[in-house]
Amino acid sequence: MKYKNFVNRNYHFLFFVLPSAVGILVFLIIPLLDVVKRSFFGGISSDFVGFDNYNTVFTNDAFRLAVKNTLLFDMISLPLLIVISLCMAYIVNNMNSKLIRFAFLVPMAIPSNSVVTVWKMLFDDAGIINGIRVMLKMEPVSFLTGQNSLYLLIGTYLWKNMGYDMLIWLTVLEMIPKDIYEAARVDGAGSVRLFFNMTLPNIRGGAYTITVLSFVNSFKVFREIYLLVGNYPDNSVYMLQHLFNNWFSKLDINKLSAAACLTAIFLFAVLGLIRLIILPHRKEDA
């Protein structure tokens, strides 16, 4: 009787958890383990090849180019997005206007296909901007090749995610007690000192969340660049997503699996580094 009551009292939640657990196991964990397994086997013969697939990936010029471009894009776009969105949130928070907050979220509601259509109208070699430059007797500019294509990709990422990050920053800023600001103003602190001495130390937890989300969202900008320039864009914007998509279309499963494992390890390392930088471990006082 006691055993039956123990089961009823402590394990009834399994009826609710089990369906989700089975779904995660079947659709996430097992495929993930299969990818890890395939990275050590040949694509056709299914023979164990050890780290040969990883050596092939490391020596692949397309993989090196994609990694370099992805790192460059993240190193430029992430700091810009985080800093600019924080500044905008700080300004909008003082305005207390719901209309302005809504306006910054509009880019997120626009489908990628619509964005690409507008971008082509504006930035194509025969687009509106080059048409205006010709009218002003200026040389046309190619926005879809060379470094200009990277700047266009960064601008698209910032435009698309600025409102999302700003909204989270606003939530974080509103959680800071107003009393500490009032006490600091009484002591003679100005706006700049309030920002650096009061605001920044109190938004560290939110900064970690926003940085992680911004890093994850940086991989979603592939939709726009793919629809804009296709499978094989200019070398300056050939990203890891292009590489994975092309290898998948060619059924290079062995190289794709090895590259996916390397990318996963890199992502976890970056997320861990971000945590160490933004949320340093603090030893509790004895």
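If you check Arg193 against the conditions, is it surrounded by 12 or more Cβ atoms within 10 Å (Cβ to Cβ) and in contact with a Leu (Cβ under 8 Å, 6 or more places away or on another chain)?
no
Of the residues in segment 213-246, how many are crowded, with 19+ Cβ neighbours inside 10 Å, among the hydroxyl-bearing types (Ser, Thr, Tyr) and over 12 Å from Asp74 (Cα atoms)?
Residues that pass the stated criteria total 1.
Select from segment 1-35 the residues that are of a type in the set (Val, Ile, Thr) and modelled with pLDDT of 70 or more and write down the one among them that is nearest to Ala264 (Cα to Cα).
Checking each candidate, the answer is Val35.
Just checking, how many residues over segment 39-68 are closer than 13 Å to Leu256 by Cα and touching a Gly at 6+ places or on another chain (Cβ under 7 Å)?
1
Would you call Val57 in contact (Cβ under 8 Å) with a residue 12 or more places away in the chain, within 22 Å of the chain's Cα centre (by Cα) and either farther than 30 Å from Leu200 by Cα or surrounded by fewer than 16 Cβ atoms within 10 Å (Cβ to Cβ) (or both)?
No; evaluated as a whole, the condition is false for this residue.
Name the one entry in Arg38, Arg64 that is under 18 Å from Ile265 (Cβ atoms) and modelled with pLDDT under 85.
Arg38
Looking only at helices (runs of 4 or more DSSP H) that fall completely inside segment 77-172, which ones have 2 or more residues that are in contact with a Gly (Cβ under 6 Å, 6 or more places away or on another chain)?
98-109
Please work out which one of (1) closer than 23 Å to Leu71 by Cβ; (2) at pLDDT below 85 is the condition Ile210 fails and give its number.
(2)
Can you pull out the residues in segment 162-184 that are over 30 Å from the mean Cα position of the chain (by Cα) and either surrounded by 14 or more Cβ atoms within 10 Å (Cβ to Cβ) or closer than 28 Å to Phe215 by Cα (or both)?
The answer is Ile180, Tyr181, Ala184.
Evaluate the following for Leu72: is it assigned to a helix (DSSP H, G or I), in contact (Cβ under 8 Å) with a residue 60 or more places away in the chain and not acidic (Asp, Glu)?
yes
Is there a residue in segment 112-119 that is closer than 22 Å to Ser218 by Cβ, aliphatic (A, V, I, L, M), in contact (Cβ under 8 Å) with a residue 24 or more places away in the chain and surrounded by 13 or more Cβ atoms within 10 Å (Cβ to Cβ)?
yes
Residue-by-condition table, conditions (1) assigned to a helix (DSSP H, G or I); (2) of a type in the set (Gly, Ala, Ser); (3) in contact (Cβ under 8 Å) with a residue 24 or more places away in the chain; (4) over 26 Å from Asp52 (Cα atoms):
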{"position": "Arg193", "(1), (2), (3), (4)": "yes, no, no, yes"}
{"position": "Gly205", "(1), (2), (3), (4)": "yes, yes, yes, yes"}
{"position": "Val216", "(1), (2), (3), (4)": "yes, no, no, yes"}
{"position": "Tyr226", "(1), (2), (3), (4)": "yes, no, no, yes"}
{"position": "Phe244", "(1), (2), (3), (4)": "yes, no, no, no"}
{"position": "Leu251", "(1), (2), (3), (4)": "no, no, yes, no"}
{"position": "Leu256", "(1), (2), (3), (4)": "yes, no, no, no"}
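The values are calculated or read from the model by the stated rules, or taken from the named source; none is laboratory data. Keep in mind the model is a prediction, meaning the values are calculated, not measured. Cβ coordinates were reconstructed from backbone atoms using ideal geometry, including for glycine residues, and neighbour counts include every protein chain displayed.
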